[in-house]
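The structure appears right after this line, and notes come after that.
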2 protein chains.
Amino acid sequence: MRRTIVATTLLAVTGLAHAAEPIQVIEPATITNPEMVELGKKLFFEPRLSKSGFLSCNSCHNLSLGGVDILPTSIGHNWQEGPINAPTVLNAKYMLAQFWDGRAATLQEQAAGPIANPKEMALEHELALDVLRAIPGYQAEFSEVFGDKGITLDTVTEAIATFEETLVTPNSRFDQYLNGDKEALSTAEQEGYALFKSKGCAACHNGPAVGGTMYQKMGLMQPFVTSNPAQGRVDVTGKEHDRMVFKVPTLRNIELTYPYFHDGSTYDLKEAVIVMQRVQLGQELTDQEADRITDFLKTLTGEQPQITLPILPPSVAGTPKPQPFAK
Amino acid sequence: MRRTIVATTLLAVTGLAHAAEPIQVIEPATITNPEMVELGKKLFFEPRLSKSGFLSCNSCHNLSLGGVDILPTSIGHNWQEGPINAPTVLNAKYMLAQFWDGRAATLQEQAAGPIANPKEMALEHELALDVLRAIPGYQAEFSEVFGDKGITLDTVTEAIATFEETLVTPNSRFDQYLNGDKEALSTAEQEGYALFKSKGCAACHNGPAVGGTMYQKMGLMQPFVTSNPAQGRVDVTGKEHDRMVFKVPTLRNIELTYPYFHDGSTYDLKEAVIVMQRVQLGQELTDQEADRITDFLKTLTGEQPQITLPILPPSVAGTPKPQPFAK
Ligand code: HEC
Ligand code: HEC
Ligand code: HEC
Ligand code: HEC
Ligand SMILES: [Ca+2]
Ligand SMILES: [Ca+2]
């Protein structure tokens, strides 16, 4: 049976057979460099890193909304329609690589992308740096944090990545359960977790982030029908067997990070569960099984980062001006 | 002399001749209804109050940026270019009425405007209420705060207005000075304040918000040249003498609320000061006088509200979906 072969392969790949639990607890952030975190937070909320002066990282990775924009695909510069669903920045540090196709190795490498991307913030790196360098408050803060290095693409992205590393969501009810508090989950939720393991979901969605540990084909057992043109990892590796292969997304805070899948094709978590079982595992779930797994997934919502809104240093007369209506 | 007549009229109108100081201290917010403030904060940050699911009050009144969007005119739904510069929401409770032309009497009345405005959030009120009513977290929070009243345009706008009333910026260096700490301002800044009074600025910019106490013609002594079509209060009153009459804007936090004037025509505060003296008072300032007044204006930056980013309650499968790319 195809199903058995796949499941066995997956178990072999991930070593799940020997792990006590496929999911590990999310640890609270330990902040060793609070000044850099604070600077990175400012940059994460900084619309002057966009050509329009209007879009910041937080526009698409809204920390009021689980680190996403709750849209099927994002709105970028000049209201351009983005190509793919925006993944959450929460717990992104646990990902084996960044982006759906893993084309950025680290958070720091990733952060350079959206600033200059003409469909996102649309501001060439040199111009973005010119803006920051012409804001006295940033001059002072970068030299406090980075000394002589000053304001460069490297220091900007290092600060942003350092901030993003703090964006973890510990202490979900599921983590309390993992830590031994069996009352933390209802019976229905515990049944859901058991099904999540027995049905094979945990073969792909595992590790502390319940995802982000591997790439897998979307539509392993049955094709995933979508009008979204993204082809996944083949664009990175050039290998045909990587067509429609995507990073397995985190299921932490999945109740918040609708709509689902790289094409944002459904807002309904239960529907996403049913689709997964069908296209990835070649099976149908009963209605009740789908409900139980959905119940379990909602226990993965952790404590959201408590963010005090940064107060951004003002521009001065000489600061390059935003160009909101330039194409 | 025209100048004398104008100045005398202004003094008579505002009763300045008898006031010890034309500017009063901003008091810290006293919060009597923390639950309503918290709910109002959520709504202020709520992009699901827009058709696109992308724009919230905070998009244009960014509390990281002095309560404005730092753009000449705003970006609205579908990247439409707004008609007029977005004023700050900071200290808005001190305004005699809301909007540049005063067409909303209260903050509560104002708050209904942008949600349904097709150039701003573009979501008809009934649809906005349908969205909120279909979010379980809001159902619960509205009944806690408003009991049986539930989720209506009235309760939504009351909560937003109650939050906005907390957005004050006390304890600026100028307030410290007013409270008796003469060291709080440098000699240059004190000279600037003296000029602000003696040149006639305080005739229009007065009260705790250093503005917001009256309407005045823009271009009283010399025409203000602009390509912006806004005509001011004539649109509200229908009276010809109200053409180009605008609410005198607050100068609190003016260092943050660039660009300046209802058309956002300059990012340079000193230039705004020079323009004011010319068009409103029919005089030229020396370069040094303009510098001193600008120095003084920068002392009006107060403590910005400390906002903990709200965590918004999630949509569920049945919640009406945003329509980011519907025109
Ligand atoms: C216009 C919307 C938009 C903006 C602005 C934006 N992002 Fe993204 N972000 C996306 C989208 C869409 C993706 C997925 C792209 C892909 O995988 O090809 C993404 C992916 C990411 C990822 C990878 C997450 C993962 O699990 O793979 C991180 C991290 C991230 N963004 C951080 C940032 C930072 C930092 C900024 C600001 C410097 C930013 N984003 C600005 C839309 C945006
Ligand atoms: C063979 C690997 C594999 C298996 C097995 C698997 N998944 Fe997935 N899962 C993925 C991949 C890859 C994606 C991303 C697919 C895409 O969006 O193109 C995904 C996406 C999801 C999503 C949407 C996440 C988001 O943020 O968009 C959910 C929910 C989900 N899986 C739950 C499950 C459940 C429940 C099961 C078991 C019934 C399961 N998965 C089994 C690989 C797998
Ligand atoms: C798309 C940009 C945009 C959005 C979104 C927006 N505003 Fe505004 N706001 C403006 C502009 C522009 C004005 C000035 C309009 C005028 O005077 O004719 C304004 C005026 C105001 C004023 C009057 C301030 C004064 O001193 O006159 C307040 C208060 C305000 N907005 C609050 C809000 C609230 C609350 C929301 C959300 C419900 C909101 N705004 C959404 C752009 C926006
Ligand atoms: C006769 C009334 C009047 C006098 C006198 C006056 N102003 Fe104004 N001021 C206004 C009005 C009305 C506006 C708004 C005009 C517009 O944008 O159309 C304004 C706008 C401003 C702005 C821009 C505020 C913003 O947020 O856009 C500044 C700065 C300013 N005034 C400073 C001054 C200074 C400094 C003086 C004295 C040199 C002065 N004003 C004298 C009525 C006055
Ligand atoms: Ca999503
Ligand atoms: Ca302004």
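The values are calculated or read from the model by the stated rules, or taken from the named source; none is laboratory data. What you see is a predicted model; the values in this text were computed from it and never measured. FYI the Cβ positions are ideal-geometry reconstructions off the backbone, even for glycines, and counts take in every protein chain you see. Just the protein is used for accessible areas: all its heavy atoms, side chains included, with ligands, DNA and RNA removed. Shrake-Rupley method; radii C 1.70, N 1.55, O 1.52, S 1.80 Å.
Couple of notes before you dig in:
- Remark on the range B:257-277: accessible area falls by at least 40 square angstrom from chain-alone to full-complex state for B:Y258, B:Y267, probe 1.4 angstrom.
- Average other protein chain Cβ within 10 Å of Cβ, residues A:303-315: 6
- What the phi angles of the range A:255-268 give under the Karplus curve with 6.51, -1.76 and 1.60, with θ = phi - 60°, is a coupling list of 4, 9, 9, 4, x, 9, 6, 5, 9, x, 7, 9, 8, 9 Hz, glycine and proline written as x.
- For B:A105, the point set 7 Å out from Cα toward Cβ sits 6.6 nm from its twins in the other copies, listed from shortest up.
- Dipole of chain A computed with +1 at Lys/Arg Cβ and -1 at Asp/Glu Cβ about the Cα centre; of A:V279, A:G302, A:T266, farthest Cα towards the positive end is A:V279.
- Listed residue (B:L185, A:S143, B:A128) projecting farthest to the positive dipole end of the protein assembly as shown, Cβ model: B:A128
- Summing +1 for each Lys or Arg and -1 for each Asp or Glu among the other residues whose beta-carbon sits under 12 angstrom from that of B:E21 gives 0.
- Residue among A:G282, A:G67, A:G264 with the largest mean-square fluctuation in a Gaussian network model of chain A, springs linking Cα atoms under 10 Å: A:G282
- Relative to the compact-globule estimate of 2.2 N^0.38 Å, the Cα radius of gyration of the range A:122-185 comes out at 1.82.
- Inter-probe distance in nm under a simple model that places probes 7 Å from Cα toward Cβ, at A:D148 and A:A105: 2.7 nm
- Heavy-atom accessible area buried between chains A and B is around 3900 Å² (1.4 Å probe, both sides summed).
- The range A:34-164: C-alpha pair distances exceeding 26 Å, %: 17 percent
- Two-site FRET efficiency, A:N179 against B:D235, from Cβ-Cβ distance with R₀ of 60 Å, rounded to 0.05: 0.45
- Share of carbon and sulfur in the accessible heavy-atom surface of the protein assembly as shown [1.4 Å probe, %]: 53 percent
- Where GluC sites (Glu not before Pro) fall in DSSP loop in the range A:218-294, at most 11 other Cβ within 10 Å: A:E284
- Based on DSSP H segments of at least four residues, each scored -39500 (n - 2.57), chain B has a per-residue ellipticity at 222 nm of -10500 deg cm²/dmol.
- Most mobile of A:T30, A:T213, A:T299 in a GNM of chain A (Cα contacts under 10 Å): A:T30
- Taking Cβ atoms as reference points and 13 Å as the exclusive limit, the residues near B:F246 contribute a net charge of +1, counting Lys and Arg as +1 and Asp and Glu as -1.
- Looking down the axis that turns chain A into chain B, the chain A residue with its beta carbon nearest that axis, and the gap rounded to whole angstrom, comes out as A:W79, 2.
- Across the identical copies, how the A:L127 labels are spaced - nm, sorted shortest first, 7 Å along Cα→Cβ: 3.2
- Inter-copy spacing of A:E27 label points, which lie 7 Å from Cα along Cα→Cβ, given in nm from shortest upward: 5.0
- Only Cα pairs under 8 Å and 6+ residues apart enter the sum, and on that basis the relative contact order of the range A:34-164 stands at 30 percent.
- Cβ-defined net charge surrounding A:L127, 15 Å radius [Lys, Arg +1; Asp, Glu -1]: -1
- When +1 charges are put on Lys and Arg Cβ atoms and -1 charges on Asp and Glu Cβ atoms, the dipole computed for the protein assembly as shown relative to its Cα centre reaches about 1240 debye.
- Partners of B:K199 within straight-line reach, counting lysines whose Cα lies under 28 Å from its Cα and excluding those fewer than 8 residues away in the same chain: B:K93, B:K182, B:K217, B:K247, B:K270, B:K298.
- FRET efficiency, 1/(1 + (r/R0)^6) with R0 22 Å, evaluated for B:L96 and B:E21 via beta carbons: 0.70
- Remark: mean inter-chain Cβ contacts per residue of B:77-87 equal 2, using a 10 Å Cβ-Cβ cutoff to other protein chain atoms.
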